[in-house]
Amino acid sequence: MIQVSPDSVLRLAPGCRLSDHGAPQDLLLIPEGALRMQGPARKIVELLNGERSIREIIEQLQHHYASEDAARIETETLALLTRLRERGVLESA
Amino acid sequence: MTYEPKALIAEVTHRCPLHCVYCSNPLEMQRRSEELSTGDWVSIFQQAGEMGVVQLHLTGGEPLARTDIVDLVKAGRSARLYINLITSGVGLDGPKLDALIQAGLDHVQLSFQDIQEGPANEFAGARSHALKLRMAAMIRERRVGFTLNMVVHRSNLDRLEDMIAFAEQSGAQRVEIAHVQYYGWALKNRDALLPTRAQVDKSIEIVEAARERLKGRLRIDFVLPDYYAKYPKPCMNGWGHQLMLIDPNGRVLPCHAAGVIPGLEFSSAREHPLRWIWEESPAFQRFRDESWMPEPCRSCDRRTRDFGGCRCQAFLLTGDASATDPVCTLAPSHGIVENILAQVNGGAHKEWVYRVDPI
């Protein structure tokens with residue numbers, strides 16, 4: 001089991017990238033296909049630059065989505081990143 | 001029901017420095033002089049991108065045998081496609097790999113024939129194993145997606161644990177353990193390649209244990225030999241549902257093997273827009289829905305999951321492309337597969353034959 005904690009610094013693994021801006025759908029392209037990036041998922045992945053910690057990303061998201069519940073943003077961001085990490089889409093920077 | 005293509009397999013050439021005994025290319029290969037030009041492929045990739053295709057698999061033969069391979073990668077990337085290069089590694093070097101990555105290559109799938117050099121070269125019909133090891137090291141040093149592809153069969157399956165151990169330290173993110181599928185040249189050599197039931201069962205155990213141990217570190221995709229399955233594979237996830245393949249001279253097919261089915265005319269991307277071929281050409285519609293299905297498929301609960309299995313395999317084994325895939329234990333023709341398995345498991349042994357390359 002791989003843990004993603006607020007201190008983790010992650011980036012997309014080689015061979016994984018977001019679809020171009022303006023493409024018909026927001027997708028995370030991976031070797032075996034594509035994952036649909038729904039809601040704020042694309043923004044979360046875009047913020048992973050291999051330098052920011054997950055804590056900083058969550059703070060930025062909480063700032064950006066100020067009307068949403070801050071605790072929920074944290075839980076859902078960690079859940080998404082854990083799923084992607086387990087799938088091998090993300091790696092430690 | 002409308003179907004959107006998701007992936008395009010571009011067989012850019014049939015030329016190949018390897019002569020694998022299980023090659024999936026058709027028995028009749030196309031010559032270099034018949035191959036599509038760079039401009040033809042650029043147009044095809046553009047059309048595919050506009051149709052919503054996401055992934056482009058550049059394959060062959062050996063795609064690196066095309067001198068314009070860097071331009072093809074560039075063209076695919078401009079069409080917003082995810083670019084996967086399926087290669088033996090022969091023809092690759094540092095500068096070429098850098099140029100490909102610079103052009104937008106996302107992912108390399110490097111094939112291995114075995115983990116031991118002697119047998120690997122024997123199965124490939126070429127001295128390529130040592131070079132492949134060097135290529136693996138070179139790919140690992142660069143930021144590009146990396147999958148190892150290990151083709152397994154009766155003569156190398158007993159080394160599966162060593163293959164997985166190699167994959168683990170190779171730097172690849174993913175390994176595909178693919179049992180030979182019996183089409184093209186592989187069907188000719190089937191009786192020499194099909195593993196025994198005991199080997200297959202053991203391979204499943206090994207892969208399951210390795211998956212558990214390597215979770216999150218190395219992804220293992222495993223393709224079983226469908227002759228041993230209870231139900232058929234959902235071949236290509238349905239005929240003309242998600243995928244199209246274009247052969248070196250531009251014929252557009254729903255899969256690698258469909259050219260064997262008599263009475264179907266596959267249109268050329270030289271003559272027709274890709275969208276028309278996908279949406280309207282008779283060959284793509286022939287097995288797309290359920291109207292062709294015989295019993296027991298027609299009333300089977302699994303028909304929406306496996307689509308009656310593989311049309312090409314049905315033809316190759318029964319002579320009728322509209323038959324239930326004979327690997328299905330419910331198929332009236334399943335006895336054909338049972339007989340083949342009885343011979344293999346009864347100790348019958350055959351030598352394989354090598355194929356020759358097109359000019």
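Is it the case that segment B:25-41 has a residue that's out of contact with any Phe, Trp or Tyr (no Cβ under 8 Å at 6 or more places or on another chain), aliphatic (A, V, I, L, M), at negative phi and at pLDDT below 95?
Checking segment B:25-41: at least one residue is out of contact with any Phe, Trp or Tyr (no Cβ under 8 Å at 6 or more places or on another chain), aliphatic (A, V, I, L, M), at negative phi and at pLDDT below 95.
Between residues in segment B:1-28 that are more than 19 Å from residue B:260 (Cβ to Cβ) and residues that are of a type in the set (Gly, Ala, Ser) and surrounded by fewer than 17 Cβ atoms within 10 Å (Cβ to Cβ), which pairs lie under 6 Å by C-beta distance while being six or more apart or on different chains?
B:4/B:52
Touching a helix residue (DSSP H, G or I) at 6+ places or on another chain (Cβ under 8 Å) and either farther than 27 Å from residue B:119 by Cβ or in contact (Cβ under 8 Å) with a residue 12 or more places away in the chain (or both): is that true of residue B:53 in this structure?
Answer is no for this residue.
Quick check: is even one residue across segment B:74-88 under 24 Å from residue B:273 (Cα atoms), among the small types (Gly, Ala, Ser), surrounded by 22 or more Cβ atoms within 10 Å (Cβ to Cβ) and within 14 Å of chain A (Cβ to nearest Cβ)?
Among the residues of segment B:74-88, at least one is under 24 Å from residue B:273 (Cα atoms), among the small types (Gly, Ala, Ser), surrounded by 22 or more Cβ atoms within 10 Å (Cβ to Cβ) and within 14 Å of chain A (Cβ to nearest Cβ), which makes the answer yes.
Could you grab me the full set of residues in segment A:37-73 that are part of a helix (DSSP H, G or I) and either closer than 26 Å to residue B:221 by Cβ or in contact (Cβ under 8 Å) with a residue 24 or more places away in the chain (or both)?
A:41, A:42, A:44, A:45, A:46, A:54, A:55, A:58
Quick one: residue B:270 ticks every box in (1) surrounded by 15 or more Cβ atoms within 10 Å (Cβ to Cβ); (2) under 30 Å from residue B:43 (Cβ atoms) bar one, so which box is it?
With (1) surrounded by 15 or more Cβ atoms within 10 Å (Cβ to Cβ); (2) under 30 Å from residue B:43 (Cβ atoms) applied to residue B:270, the lone miss is (1).
Does segment B:107-114 include one or more residues that are among the acidic types (Asp, Glu), part of a loop (DSSP other than H, G, I, E, B), surrounded by fewer than 21 Cβ atoms within 10 Å (Cβ to Cβ) and away from chain A (no Cβ under 14 Å)?
Of the residues in segment B:107-114, the ones among the acidic types (Asp, Glu) are B:114.
Remaining after also requiring part of a loop (DSSP other than H, G, I, E, B): B:114.
Those left that are additionally surrounded by fewer than 21 Cβ atoms within 10 Å (Cβ to Cβ): none.
Checked segment B:107-114: no residue is among the acidic types (Asp, Glu), part of a loop (DSSP other than H, G, I, E, B), surrounded by fewer than 21 Cβ atoms within 10 Å (Cβ to Cβ) and away from chain A (no Cβ under 14 Å).
Quick one: which of B:192, B:120, B:126 is away from every other protein chain (no Cβ under 14 Å), of a type in the set (A, V, I, L, M), closer than 21 Å to residue B:25 by Cα and touching a Pro at 6+ places or on another chain (Cβ under 8 Å)?
Details: B:192 fails: touching a Pro at 6+ places or on another chain (Cβ under 8 Å); B:120 fails: touching a Pro at 6+ places or on another chain (Cβ under 8 Å).
Result of the check over B:192, B:120, B:126: B:126.
Hey, among A:20, A:26, which residue is within 14 Å of chain B (Cβ to nearest Cβ), free of Cβ contacts under 8 Å to residues at least 12 places away in the same chain and either touching a Ser or Thr at 6+ places or on another chain (Cβ under 8 Å) or surrounded by fewer than 17 Cβ atoms within 10 Å (Cβ to Cβ) (or both)?
A:20
Sort through B:178, B:172 and tell me the only one that's within 14 Å of chain A (Cβ to nearest Cβ) and part of a loop (DSSP other than H, G, I, E, B).
From the options B:178, B:172, the qualifying one is B:172.
Does residue B:121 qualify as being free of Cβ contacts under 8 Å to residues at least 40 places away in the same chain and among the polar types (S, T, N, Q)?
yes
Select from segment B:209-223 the residues that are more than 14 Å from chain A (Cβ to nearest Cβ) and either in contact with a strand residue (DSSP E or B) (Cβ under 9 Å, 6 or more places away or on another chain) or closer than 23 Å to residue B:110 by Cβ (or both) and list them in ascending order.
B:210
Using the structure shown, decide if residue B:131 is of a type in the set (A, V, I, L, M), surrounded by 24 or more Cβ atoms within 10 Å (Cβ to Cβ) and assigned to a helix (DSSP H, G or I). It would help to see each step written out before you state the result.
On the way: of a type in the set (A, V, I, L, M): yes; surrounded by 24 or more Cβ atoms within 10 Å (Cβ to Cβ): no; assigned to a helix (DSSP H, G or I): yes.
No, not satisfied.
On the given criteria, is residue B:325 over 23 Å from residue B:187 (Cβ atoms) and part of a loop (DSSP other than H, G, I, E, B)?
Criteria not met by residue B:325.
So, of the residues in segment B:153-186 that are basic (Lys, Arg) and more than 18 Å from residue B:353 (Cβ to Cβ), which turns out to be nearest to the chain's Cα centre (by Cα)?
Step one: filter segment B:153-186 for residues basic (Lys, Arg), giving B:154, B:159, B:174.
Add one more test, that the residue is more than 18 Å from residue B:353 (Cβ to Cβ), and what stays is B:159, B:174.
On the way: B:159: 22, B:174: 16 Å.
Of everything passing the filter in segment B:153-186, B:174 is nearest to the chain's Cα centre (by Cα).
Given the conditions (1) surrounded by fewer than 17 Cβ atoms within 10 Å (Cβ to Cβ); (2) farther than 22 Å from residue B:147 by Cβ; (3) more than 10 Å from chain B (Cβ to nearest Cβ), and given that residue A:81 satisfies all but one, which numbered condition is not satisfied?
With (1) surrounded by fewer than 17 Cβ atoms within 10 Å (Cβ to Cβ); (2) farther than 22 Å from residue B:147 by Cβ; (3) more than 10 Å from chain B (Cβ to nearest Cβ) applied to residue A:81, the lone miss is (1).
Quick check on my filter: what residues within segment A:1-17 are of a type outside the set (A, V, I, L, M), out of contact with any strand residue (DSSP E or B) (no Cβ under 6 Å at 6 or more places or on another chain) and either more than 26 Å from residue B:77 (Cβ to Cβ) or without any contact (Cβ under 8 Å) to a residue 24 or more places away in the chain (or both)?
Matches in segment A:1-17: A:3, A:5, A:6, A:7, A:8.
In segment B:198-226, what count of residues is obtained for those that are over 26 Å from residue B:172 (Cα atoms) and modelled with pLDDT under 95?
The total comes to 1.
Here is a list: B:138, B:150. Which entry is aliphatic (A, V, I, L, M), within 17 Å of the chain's Cα centre (by Cα) and away from chain A (no Cβ under 12 Å)?
B:150
The values are calculated or read from the model by the stated rules, or taken from the named source; none is laboratory data. Just so we're clear, the structure is a prediction, and the values are computed from it rather than from any experiment. A quick note on method: Cβ atoms are made from the backbone with ideal geometry, for glycine too, and the neighbour counts reach across all protein chains shown.
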